[in-house]
Amino acid sequence: MMRNSYRFDNVLLLETTQDIAIDIPPTGLTSERFQVWFELNKAFHKLTKILSKNLIPEVGINIGYAAPNAKNRNDVCSLDGRIVAGAREIYYGTLRFGASKHVASTILSAMKFNKSIRSAMNIKYSPDLIEKIREKNLTAYSFSREEEPADAKSTMEWGTAYVIQKHGRIPDVIWDEGAVGKEPMIRILAKNPEVVVEKLRQILS
């Protein structure tokens with residue numbers, strides 16, 4: 001399957017039939033789910049304008065937005081295929097419900113504490129970024145994968161809940177330093193994807 005892409009140097013936008021597909025909603029959506037897809041699509045295009053290669057982890061970036069009162073990953077719209085970096089281009093898939101496990105787990109875990117926090121995105125971890133986040137007066141809390149219980153169903157679900165319960169609030173950012181075979185990661189949370197992207201813009205400014 002062809003993937004969408006755009007150039008880092010902004011000289012050329014590579015257009016394919018799949019570029020058009022990112023702007024075509026999945027069929028059979030209710031009006032509520034269409035609104036979720038529409039808002040995520042709009043935020044995604046804003047994201048591509050500020051995204052740089054050094055923000056993309058090896059596992060790629062995903063951004064998700066849950067329907068109100070979401071219960072499981074099928075209620076969360078996200079990229080079907082994460083944002084990944086090539087030599088000169090960024091590649092990404094289309095937006096659909098049920099596409100993500102990790103970002104959906106983060107969102108669904110946060111929603112158990114506050115149903116208005118319905119969006120999240122992961123970006124590459126670096127100590128410099130954590131410092132910038134704190135300089136912008138955004139809240140950033142971490143968890144250690146080494147403390148994860150053996151019976152935890154999902155690291156993202158457990159880690160998100162652990163941080164919220166420990167600090168008594170949902171922060172702007174949840175991060176971890178990884179583990180053996182697990183890449184360190186930063187996750188940005190907000191009420192909707194437009195605010196997620198705006199928080200990233202604030203961090204980078």
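The values are calculated or read from the model by the stated rules, or taken from the named source; none is laboratory data. Keep in mind the model is a prediction, meaning the values are calculated, not measured. Because the Cβ atoms are built from the backbone with ideal geometry, glycine has one as well, and the counts that use them run over all protein chains shown.
Criterion first (out of contact with any helix residue (DSSP H, G or I) (no Cβ under 7 Å at 6 or more places or on another chain), charged (D, E, K, R) and under 27 Å from A85 (Cβ atoms)) does D176 satisfy it?
No.
Quick check on the range 180-205: of everything there that is β-branched (V, I, T) and part of a strand (DSSP E or B), which residue is surrounded by the most Cβ atoms within 10 Å (Cβ to Cβ)?
Taking the range 180-205 first, the residues β-branched (V, I, T) are 180, 186, 188, 195-197, 203.
Retained after the next criterion (residues that are part of a strand (DSSP E or B)): 186, 188.
Details: I186: 23, I188: 27.
Once the filter is applied, the top-ranked residue is I188.
Tell me, please, whether a residue that is crowded, with 17+ Cβ neighbours inside 10 Å, touching a Phe, Trp or Tyr at 6+ places or on another chain (Cβ under 8 Å), over 13 Å from I63 (Cβ atoms) and touching a residue at least 60 places away in the same chain (Cβ under 8 Å) can be found in the range 172-179.
Within the range 172-179, one or more residues are crowded, with 17+ Cβ neighbours inside 10 Å, touching a Phe, Trp or Tyr at 6+ places or on another chain (Cβ under 8 Å), over 13 Å from I63 (Cβ atoms) and touching a residue at least 60 places away in the same chain (Cβ under 8 Å).
So how many residues does the range 9-34 have that are of a type in the set (S, T, N, Q), at pLDDT below 50 and loosely packed, with under 13 Cβ neighbours inside 10 Å?
Total meeting the criteria: 3.
May I ask you to verify whether L95 is of a type in the set (A, V, I, L, M, F, W, C), touching a residue at least 24 places away in the same chain (Cβ under 8 Å), in a helix (DSSP H, G or I) and out of contact with any His (no Cβ under 6 Å at 6 or more places or on another chain)?
Working: of a type in the set (A, V, I, L, M, F, W, C): yes; touching a residue at least 24 places away in the same chain (Cβ under 8 Å): yes; in a helix (DSSP H, G or I): no; out of contact with any His (no Cβ under 6 Å at 6 or more places or on another chain): yes.
So L95 does not fit the description; no.
Does the range 53-82 hold any residues that are without any contact (Cβ under 8 Å) to a residue 40 or more places away in the chain and touching a strand residue (DSSP E or B) at 6+ places or on another chain (Cβ under 7 Å), and which are they?
Correct list: G60, N74, D75, V76, S78, L79, D80, R82.
Does the range 116-129 contain at least one residue that is under 29 Å from P26 (Cα atoms) and more than 15 Å from the chain's Cα centre (by Cα)?
Looking through the range 116-129, at least one residue is under 29 Å from P26 (Cα atoms) and more than 15 Å from the chain's Cα centre (by Cα).
Listed here are the residues, each with its yes/no results for (1) assigned to a loop (DSSP other than H, G, I, E, B); (2) among the hydroxyl-bearing types (S, T, Y); (3) surrounded by fewer than 17 Cβ atoms within 10 Å (Cβ to Cβ).
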| position | (1), (2), (3) |
| --- | --- |
| S78 | no, yes, no |
| V84 | no, no, no |
| V103 | no, no, no |
| S109 | no, yes, no |
| D128 | no, no, yes |
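V59 versus (1) at pLDDT 95 or above; (2) of a type in the set (V, I, T); (3) under 14 Å from the mean Cα position of the chain (by Cα): which is the lone unmet condition?
With respect to (1) at pLDDT 95 or above; (2) of a type in the set (V, I, T); (3) under 14 Å from the mean Cα position of the chain (by Cα), V59 is out only on (1).
Go through the range 124-142 and count every residue that is in contact with a Lys or Arg (Cβ under 8 Å, 6 or more places away or on another chain) and within 21 Å of P57 (Cβ to Cβ).
The qualifying residues number 3.
Which residue is nearest to L108 (Cα to Cα), if the candidates are limited to the range 134-159 and must be hydrophobic (A, V, I, L, M, F, W, C) and surrounded by fewer than 17 Cβ atoms within 10 Å (Cβ to Cβ)?
Applying the first criterion (hydrophobic (A, V, I, L, M, F, W, C)) to the range 134-159 yields 138, 140, 143, 150, 152, 156, 158.
If we keep only those that are surrounded by fewer than 17 Cβ atoms within 10 Å (Cβ to Cβ) too, we end up with 138, 150, 152.
Numbers: L138: 21, A150: 20, A152: 15 Å.
Among residues in the range 134-159 that are hydrophobic (A, V, I, L, M, F, W, C) and surrounded by fewer than 17 Cβ atoms within 10 Å (Cβ to Cβ), the one nearest to L108 (Cα to Cα) is A152.
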